[in-house]
Amino acid sequence: MSDGSSFYITTPIFYVNDVPHIGHAYTEVAADVLARWHRQAGDDTWFLTGTDEHGQKILRTATANGMSPKEWADKLVAESWQPLLNTIDISNDDFIRTTDERHEVNVQLFLQRLYDAGYIYTGEYEGYYCVGCEEYKQLSDLEDGTGQYEGQLVCKIHSKPVELLKERNYFFRMSDFTQPLLDLYESRPDFVQPESVRNEIVQFVKRGLTDLSISRQTFDWGIKVPWDETHVVYVWFDALLNYATAAGYGYDQEKFDRLWPATHIVGKDIARFHAVIWPAMLMAAGLEVPKQVYGHGWLLVGGEKMSKSKLTGIAPEQITDTFGSDAFRYYFMRAINFGQDGSFSWEDLSARYQAELANGFGNLASRVIAMVTRYHGGTVPPAVESALTEADLAIRATERRATKAADEAIERLAVHEAIARVWELVDELNGYITLQEPWVLAKDPSKADRLATVLNTAVHGLGTLTVLLSPVLPEATAKLWTALTGTGTVQDQPIRAAWEWTGGARVEPLEALFPRIEVDAS
Ligand SMILES: [Zn+2]
């Protein structure tokens, strides 16, 4: 059992049948900002991401590319998925692949325990299977095909025909967990969030759960069922267990006790797997259910969910090559209310880059550093504490207020709100400098004390901002921290007391944090 200060956060493990698009990167960045915030707050933080490598879809993709499924997975992980983490500055502590031995062996251990406990039986199943979803679909999940698929039933998500499959399979007694799950949602309203996703899940479970087919016999790219090697484990059952096997389940009990339970960040389309099947599996094994399942919204481009199969996929490098990884991180975390769907557009990205990052934060940073250099030879003067004005005190109050409000928003996973609260300090500091006119004070020797207080207040506020924005803008804040001659690295500064940052007796030159970008209109 972990104490309250441990924070174990996960992304879904990504399916290696294709290359990453900005929807994947969005999930990674959200989890990363939360992980960085908690780490900087001194919480015992562990951030897991990884790849899902089994299943029929991967077998088919690999075969179509003339490779074995493992060769295909190795190639995609090395050439696409690991590099994605560098592209957008992800600070994960671990990267699990479902082909790792630590995973495969302990999935078998878990399954054997469920089997021994009587939660698994043999049965016959017939149903419509979508290879894209890797799941059997209900009729309500299907619709009539059009065009080349006229006359066939197609999956509503993939718009591709489903297959009618009949299998003799092993089943997990998931129906036993209908009531325990409803009790869980009732006693812990935060277990599934946001509210829209929670309602959908509760309604789904209230209709009653059916048992889950958890093995496949028609192909062999997967983890073998330990007591019957002619079957492989259903890919979702295999994949969900990554959160436990990466945390030491089955081989490092001490680590597992320290980390578990986790906060799972997932897209809302897979919330059902995480908030229904996964806790049922854990209950059956006598393990604690997750701390929370958070289903974020979709990224929309031209009104459609972003995905490669819908041909709207945008590669993250298309954005970072021009705007940089900080701007990528900032834009998606700020512009989209975390939990809701959000639209991406190049126009909005360019506009926010210019107004908020370049003119708002970047310009504030260069102005403050330049003024201390010009009017005080680069030395930051102490404030004259006996003569503080209301304007000075207001900045100090905002430093504390923004810190507390942002931390409170992070606790609710409201990342957009945390940034908005911190941005109040950006705006107030810009307004403060405009009103205090240090360039006027500098011309009048009798105003030297006042100039010292204004410069000190501006530098102090800028340092607090640097600490608070470090989880979102790791590159820019590292540069700024150096220019502010802060103590150690900015990540060493306890974020829940950001205004108590230390160092900063001098300033050093600072290059433009968010340089002007000429956007090609074509
Ligand atoms: Zn589908």
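Details
- Cross-chain or 6+ apart pairs with Cβ under 8 Å, the stretch 123-139 first and under 9 Å from S213 (Cβ atoms) and touching a residue at least 40 places away in the same chain (Cβ under 8 Å), then of a type in the set (S, T, Y) and more than 14 Å from the ligand (Cβ to nearest atom): G123/Y170; G123/S213; Y125/S213; Y136/Y125; Y136/S213
- Members of the stretch 323-347 that are modelled with pLDDT of 95 or more and part of a helix (DSSP H, G or I): F323, S325, D326, A327, F328, R329, Y330, Y331, F332, M333, R334, A335
- The stretch 365-383 residues that are buried (at least 19 other Cβ atoms within 10 Å of the Cβ), paired with ones that are part of a strand (DSSP E or B) and not aliphatic (A, V, I, L, M) (beta carbon under 7 Å, 6 or more apart): V380/R506
- Scanning the stretch 75-87 finds one or more residues that are over 23 Å from the mean Cα position of the chain (by Cα), closer than 27 Å to A30 by Cα and exposed (fewer than 15 other Cβ atoms within 10 Å of the Cβ).
- Exactly one residue among V232, V202, V192 is within 20 Å of K291 (Cβ to Cβ) and in contact with a Lys or Arg (Cβ under 6 Å, 6 or more places away or on another chain), and that residue is V192.
- Residue match in the stretch 194-208 (condition: away from the ligand (no atom under 16 Å from the Cβ), part of a loop (DSSP other than H, G, I, E, B) and of a type in the set (K, R)): yes
- Residue within the stretch 439-449 that is open to solvent by less than 50 Å² (accessible area, probe 1.4 Å) and closer than 28 Å to G42 by Cα present: no
- For the stretch 161-188, filtering for residues that are within 16 Å of the ligand (Cβ to nearest atom) and in contact with a helix residue (DSSP H, G or I) (Cβ under 7 Å, 6 or more places away or on another chain) leaves 1.
- Extreme residue, surrounded by the most Cβ atoms within 10 Å (Cβ to Cβ), among residues of the stretch 240-286 that are assigned to a helix (DSSP H, G or I) and in contact with a strand residue (DSSP E or B) (Cβ under 6 Å, 6 or more places away or on another chain): A275
- Members of the stretch 52-108 that are assigned to a loop (DSSP other than H, G, I, E, B), under 23 Å from V266 (Cα atoms) and modelled with pLDDT of 95 or more: E53, H54, I88, D89, I90, S91, N92, D93, T98, T99, D100
- Residue match in the stretch 103-126 (condition: under 28 Å from F204 (Cα atoms), surrounded by fewer than 19 Cβ atoms within 10 Å (Cβ to Cβ) and within 15 Å of the ligand (Cβ to nearest atom)): no
- Residue, nearest to R207 (Cα to Cα), within the stretch 145-194, restricted to residues that are polar (S, T, N, Q), surrounded by fewer than 19 Cβ atoms within 10 Å (Cβ to Cβ) and modelled with pLDDT under 95: S159
The values are calculated or read from the model by the stated rules, or taken from the named source; none is laboratory data. Keep in mind that this is a model prediction, so the values were computed, not measured. Cβ atoms come from the backbone with ideal geometry, glycine included; neighbour counts cover every protein chain shown. When the accessible area is computed, the model is the full protein with side chains, heavy atoms only, and any ligands, DNA or RNA have been set aside. Shrake-Rupley method; radii C 1.70, N 1.55, O 1.52, S 1.80 Å.
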